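Note sheet for the following structure.
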Amino acid sequence: MFEEVDFTGKKVLITAGADGLGLEMAKVFHRAGAAVFVCDVNEARLAALPAELPGVKVARADVSDEASVEQLFAGVKEALGGLDILVNNAGVAGPTGYVETLSKADWDRTLAVNITGQFLCARQAIPLLKESKAGVMINLSSAAGHLGFAGRSVYSASKWAVIGFTKSLAIELGGYGIRVNAILPGAVEGPRIRAVIAAKAETLGRPVQEIAAQYENQAVLGRMVTARDIANMVLFNASEAARSVTGQAIVVDGFTQKLY
C-alpha cells in the first residue's frame with residue numbers, strides 16, 4: 001500500500017483532524033512516521049486523540065476566527081518547531097435548500113469556514129512552509145467544487161472558491177518550492193453525508209432511502225468513496241512521489257458527472 005511511504009521528520013498540521021476524514025488523514029500520516037498536529041473545535045474528540053495516536057499534538061481552534069488561527073500557529077511553532085505540510089481540511093456542510101429559502105447567515109457561516117478559514121491558515125503557514133524549502137499545502141475542496149449542485153449552492157460556491165485560491169497560491173509559491181493542490185472528494189461515506197442526505201430528503205419531501213441511492217449511484221463506480229480513499233490521495237500528494245504536481249484540482253469521486 002502507498003501509505004507505507006516514510007514521512008519521518010516531516011511536520012504536518014491537519015485542520016479539523018479529530019474526526020471523520022481529518023482523523024483518517026491524521027492516522028495515515030502518523031503511521032507513516034510524521035510529527036502530526038491536529039486542531040478541531042470538538043474538544044472531546046481532541047482530548048481522546050493522543051491515546052489513539054500517541055505523540056500527536058492537539059489544540060482547539062476555530063479556523064474562521066483570526067485570533068484563534070494565530071494562536072493555533074503559535075502552538076504549532078512551539079510544538080513542532082516548524083511546518084512542512086498543511087492540510088486545510090476544516091469545512092462545514094452548510095445549508096440545504098434553494099437559494100430563495102436561504103439566509104445571509106447561512107451564506108456567511110459556510111464561506112467563513114470553508115474558504116476564509118483556508119485563507120487564514122494559509123497566511124499563517126506560508127512563512128513556515130518557505131522555511132521548509134519543500135513545503136506542501138493541500139486544500140480540501142469537493143466534487144461540488146467543479147460541478148453545479150442544486151439545493152447545495154452555498155456549499156458548492158465555497159468549494160469552487162477553494163479551487164481558485166489553490167491555483168493562485170500555486171503560482172505565488174512555486175518559486176519557493178512550495179506545492180499547492182486541491183483534493184475534490186465525492187460523497188464520502190459517513191455521518192456527515194448521511195446528515196446531508198436526510199436534510200435534502202426533508203427539503204424535497206422524498207424518502208431518505210431514495211436520496212441515499214442517488215448519492216451512492218451518482219458515481220460510475222456505483223458507490224461512495226471512503227475516508228481512507230481520500231487520506232491516501234492526500235498522503236500521496238504530500239510525498240516526494242508527487243514532487244512535480246502543483247496547482248491541480250484532483251478529483252476522487254468514482255467519476256461523478258452529476259450531483260443530486
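Close amide H contacts of Val58 (hydrogens built in the peptide plane, cut-off under 5 Å, sequence separation of 5 or more or a different chain): Val38. Remark: segment 114-123, residue by residue, has Karplus-estimated 3J(HN,Hα) of 6, 10, 5, x, 5, 4, 5, 5, 4, 4 Hz, where x stands for each Gly or Pro and the curve is 6.51 cos²θ - 1.76 cosθ + 1.60 at θ = phi - 60°.
In terms of the mean number of neighbouring beta-carbon atoms within 10 Å, the peptides 228-235, 5-12 order highest first as 228-235, 5-12.
Computed over the Cα atoms of segment 177-239, pair by distinct pair, the Kirkwood hydrodynamic radius stands at 13.3 angstrom. Bridging of Lys159 to lysines at a Cα separation below 24 Å is possible for Lys104, Lys167, Lys200, Lys258, once same-chain residues fewer than 8 apart are set aside. Phi angles across segment 105-113 convert, under the Karplus curve 6.51 cos²θ - 1.76 cosθ + 1.60 with θ = phi - 60°, into 3J(HN,Hα) values of 4, 4, 4, 4, 5, 5, 5, 4, 7 Hz, Gly and Pro given as x. Karplus-derived 3J(HN,Hα) values for segment 193-203, using 6.51 cos²θ - 1.76 cosθ + 1.60 with θ = phi - 60°, are 5, 5, 5, 4, 4, 5, 5, 5, 4, 5, 4 Hz; glycine and proline are entered as x. Proximity of backbone amide H atoms, modeled 1.01 Å from N, is registered between Val251 and Leu184 at under 5 Å, excluding neighbours fewer than 5 places apart on the same chain.
Taking the C-alpha atoms only, the angle from helix 66-80 to the longest principal axis of the chain is near 40 degrees. The loop-placed trypsin sites (Lys or Arg not before Pro) in segment 79-176, going by DSSP, that have at most 11 neighbouring Cβ atoms within 10 Å of their Cβ come out as Lys133. The DSSP beta bridges internal to the chain are antiparallel in roughly 5% of cases. Normalised radius of gyration (Cα atoms, divided by 2.2 N^0.38 Å) for segment 2-91: 0.98. Reported to two decimal places, what Rg/Rh ratio describes segment 109-240 when computed on Cα atoms with Rh from the Kirkwood expression? Result: Rg/Rh = 1.03.
Note that segment 23-154 shows a convex hull volume over its alpha carbon atoms of 121 Å³ per residue.
All of the numbers you see were taken from the coordinates with simple rules; none came from a lab. Since we're looking at a predicted model, the values are computed, not measured. Using ideal geometry, Cβ is built from the backbone for each residue, glycine included, and neighbour counts are taken over all protein chains shown.
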